Amino acid sequence: MHTLVSSHEGLEQLHSGSVWTEGPLWLPATKRVRWSDIPNNRILEWDQVTGVASVYRKPAEYTNGRALDAHGRVVQCSHGRRALEREDAAGLEVLVERWEGGHFNSPNDLAVVSDGSIWFTDPPYGLHPSGREGYPGEQEYEGCFVFRFDLGSGIATPVITSMVHPNGIAFSPDETVLYVSDTGTHEHQPDSKCIMTFPVKGSGVGRGRVFARVPVGAADGFAIDREARVWTSAGDGVYVYSPAGELLGHIPVPETVSNVCFGGENGDELFITASTSLYRIRTMTTGAL
Ligand code: MG
């Protein structure tokens, strides 16, 4: 474990008081972490310089996963808009909200690839009748897919259609391997909760296989480090897996973890969204660039 983090005692709670946190992203330009408190329909930011957290936007159309594009702009998933959106100094712009005429379910998490495409997952959590994570609604296509959005054509194309509720998504540092977690189960797929891995083939993927199952709870979001290890959320903390799927370590967190991201000025801090809180722990590695 010493090769992953210096000490478990180093886990710090940076903020609490949310209902369900998700979508952490380090913003190098402002030295801030941005994340969502989805049921409160707000986006928060924590300032590394002052140590103070503040509301960045509310209402926020129930945003979830986010990442930076090659130009440093935030691209993010919106349950409320059922869309991918991009934000820069000029404002907020919807990038794509439909596939073949129907709205997406509620885009959950995304990954930006070096060719400029954005790959995202589309489970139905934002449509739930409770309205907890979005506006109650109906699915407008059958299933929950992983899409590849091509910025040039403006078209999103399904790349994975076999998962129950695809959720977290990330690529290996060399972009040859795609990881996607599944947080859903069907009667005929009772063991579907896992992280799947797929070989990337051009603008699509080859046949997938199970990469890992976390011991407690389910894997939601995750991040990849520079040595291609997978740092994943789970019910009782963060688990780290080798690229071969071997469990390397566990960082206990006192709340259910939804997602993680690397950040900080040296890229070696792991920011953890966990239920009501944002946590941080210093690691012995950095995020994949
Ligand atoms: Mg998620």
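Taken together, the values in this text are just the output of simple stated rules run on the coordinates, not laboratory data. Fair warning: this is a prediction, and the values are worked out from it, not measured in the lab. Every residue, glycine as well, gets a Cβ built from its backbone with ideal geometry; the counts of neighbours run over all protein chains shown.
Which aspartates and glutamates does LYS193 reach when only Cα atoms under 14 Å apart count, and residues fewer than 8 places away in its own chain are ignored?
LYS193 reaches ASP182, ASP220.
In the neighborhood of ALA228, defined by Cβ-to-Cβ distances under 13 Å, what is the net charge if each Lys or Arg adds +1 and each Asp or Glu adds -1?
Taking every other residue near ALA228 into account, the sum is -3.
Within 10 Å of each residue's Cβ, count the other Cβ atoms and sort CYS194, CYS77, CYS144 from fewest upward.
CYS194, CYS144, CYS77
Among MET163, MET284, MET196, which comes first, second and so on when ranked by fewest other beta-carbon atoms within 10 Å? Could the numbers behind the result be given before it?
Values: MET163 24, MET284 12, MET196 21.
So the residues, fewest neighbours to most, are MET284, MET196, MET163.
Using label points projected 7 Å from each Cα along Cα→Cβ, tell me how many nm separate ARG57 and ASP88, to one decimal.
1.5 nm
At what distance in nm do the modelled label points of THR161 and SER130 sit from each other, each positioned 7 Å from its Cα along Cα→Cβ?
3.1 nm
Tell me, what HN-Hα J-couplings in whole Hz come from the Karplus equation 6.51 cos²θ - 1.76 cosθ + 1.60 at θ = phi - 60° for each residue of segment 131-139, using x for Gly and Pro?
Couplings: x, 5, 10, x, 9, x, x, 9, 5 Hz.
Under the Karplus relation 6.51 cos²θ - 1.76 cosθ + 1.60, θ = phi - 60°, what is the ordered set of whole-Hz ³J(HN,Hα) values for segment 41-54, x standing for Gly and Pro?
Here the 3J(HN,Hα) series is 6, 9, 10, 10, 9, 10, 9, 5, 6, 9, x, 9, 9, 8 Hz.
Straight-line reach from LYS58: which aspartates and glutamates have a Cα under 19 Å away, not including same-chain ones fewer than 8 places off?
Those aspartates and glutamates meeting the cut-off are GLU22, ASP37, GLU45, ASP47, GLU85, GLU87, ASP88, GLU93, GLU133.
Given Cβ point charges of +1 (Lys, Arg) and -1 (Asp, Glu) and nothing else, what value in debye, to the nearest 20, does the dipole of the chain about its Cα centre take?
On the way: 23 positive and 36 negative charges, 26 e Å.
Around 120 debye, computed over the chain.
What number, in percent, do you get for the relative contact order of segment 139-289 if the mean sequence gap of Cα pairs under 8 Å and at least 6 apart is divided by its residue count? Don't skip to the end; give the middle numbers.
Values: 365 pairs, mean separation 21.1, N = 151.
Rounded, it is 14 percent for segment 139-289.
Which GluC sites (Glu not before Pro) in segment 71-180 pass both tests, a DSSP loop state and at most 14 other beta-carbon atoms within 10 Å?
Within segment 71-180, the qualifying GluC sites (Glu not before Pro) (loop, at most 14 other Cβ atoms within 10 Å) are GLU100, GLU138, GLU142, GLU175.
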